[in-house]
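Every read-out reported here was derived from the displayed coordinates using simple, explicitly stated rules and does not represent laboratory data. All values derive from a computational prediction rather than experimental measurement. Neighbour counts run over all protein chains shown; Cβ positions are idealised from the backbone, glycine included.
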Amino acid sequence: MYIKDGSNQDYGNGKSYLYLANDLIVGRTKEEIIENPRLGGGAPEYPNVYAWGWIGDKVENPGWTSSTSKGRIIEIISEVKAENCLDLMLGSHSCEICKSNDISCGSIKIEYNDKIYISPWGVSHYIKEHDYHPIDEVISAIQYGHYLTEKDQTRMCFELHSKEIYERVEEIKKQRQAEKEKWDKKKQIVQTPEFKARLQRIMDEALEPFTPDQENFEAQKILARFDVKRKEIEEMTNFFKRNLFPLTPAEKKSMNLYLKYCEKEKDNFELRNMDRVLYREQNPVNTEHKESDHGRMGKRTAT
């Protein structure tokens with residue numbers, strides 16, 4: 001990835017800070033979110049950014065006059081702590097010159113003289129292996145600047161975008177209320193004898209007879225989908241446990257809330273039959289089909 005040195009541009013895009021609204025909506029306070037931020041919780045749109053180290057497939061500023069200075073800068077960057085690795089959720093970054101995977105993922109953000117200096121997490125690879133030489137302004141930031149953490153970045157999100165974040169909270173509340181009213185209405189309908197009769201009629205008109213294993217195929221599909229989601233979450237959790245970035249209490253809480261959501265969706269799978277019934281009633285089954293390549297028979301036959 002190439003961004004010209006000195007560009008007033010963060011390598012991310014979009015208003016990722018709006019994701020903080022999801023933490024507020026579950027009852028966490030702003031102070032709790034800042035104190036225990038979740039990994040990849042969002043980045044603000046910094047007003048004064050200086051991008052460096054995104055050199056792409058060639059080095060524009062090669063050459064160091066002092067090997068001692070070069071070694072010192074490499075040492076400082078290499079010793080940056082894991083808590084200063086930000087934006088992990090924006091994907092990996094590898095060297096486009098030698099195809100090395102040393103760059104890994106995430107970025108380093110340094111606050112210095114009212115600017116935010118942003119580089120790839122593994123920028124030391126460019127300096128060490130390809131003789132990349134940042135300008136003196138960046139060298140000073142590396143030596144004397146403040147390396148941001150997730151706490152710092154989350155605090156800046158609220159400082160710079162508090163109004164937008166709380167507006168997003170209200171939007172989510174309205175969306176959830178509308179969704180709740182929609183599902184409540186469906187619940188009332190699916191529990192009526194009339195709807196159950198309509199559903200049974202659709203089942204009876206199916207192209208193939210249902211075996212006991214197939215009778216709940218809609219439910220099985222939904223359950224399988226959420227089992228996959230659960231597996232993905234567990235794999236993600238195990239990944240962070242194995243690496244330098246263990247889950248914070250806030251992240252664990254978010255994971256548990258999502259798992260509870262999955263369980264709730266399992267309980268509501270019967271409501272989805274309403275859409276199936278309405279679709280079938282508007283699109284009647286053609287019972288004159290001939291046998292297809294898959295061996296499906298046209299009209300349901302007695303077994």
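The antiparallel fraction among DSSP beta bridges confined to region 16-153 stands at about 80%. In this simple spin-label approximation, Q143 and D114 carry label points 7 Å from Cα along the Cα→Cβ vector, and these lie 2.3 nm apart. Sequentially through region 164-178, phi angles give Karplus couplings (6.51, -1.76, 1.60; θ = phi - 60°) of 5, 5, 6, 5, 5, 4, 5, 4, 5, 4, 5, 4, 5, 5, 5 Hz, Gly and Pro residues having no value and appearing as x. FRET efficiency for the pair Y2 and T192, taken as 1/(1 + (r/R0)^6) with r the Cβ-Cβ distance and R0 = 41 Å, rounds to 0.10. Placing a label point 7 Å from the Cα of H130 along the Cα-to-Cβ direction, the residues of region 22-60 whose backbone N falls under 20 Å from that point are 50-60. Sites listed here are trypsin sites (Lys or Arg not before Pro) in region 67-153 whose DSSP assignment is loop and whose Cβ has at most 15 other Cβ atoms within 10 Å: K81, K99. Computed packing ranks the peptides 30-38, 169-177 as 30-38, 169-177, most packed first, by mean other Cβ atoms within 10 Å.
Can you tell me the FRET efficiency between K163 and W183 if r is taken as the Cβ-Cβ distance and R0 is 41 Å, rounded to the nearest 0.05?
FRET efficiency, K163 to W183: 0.85.
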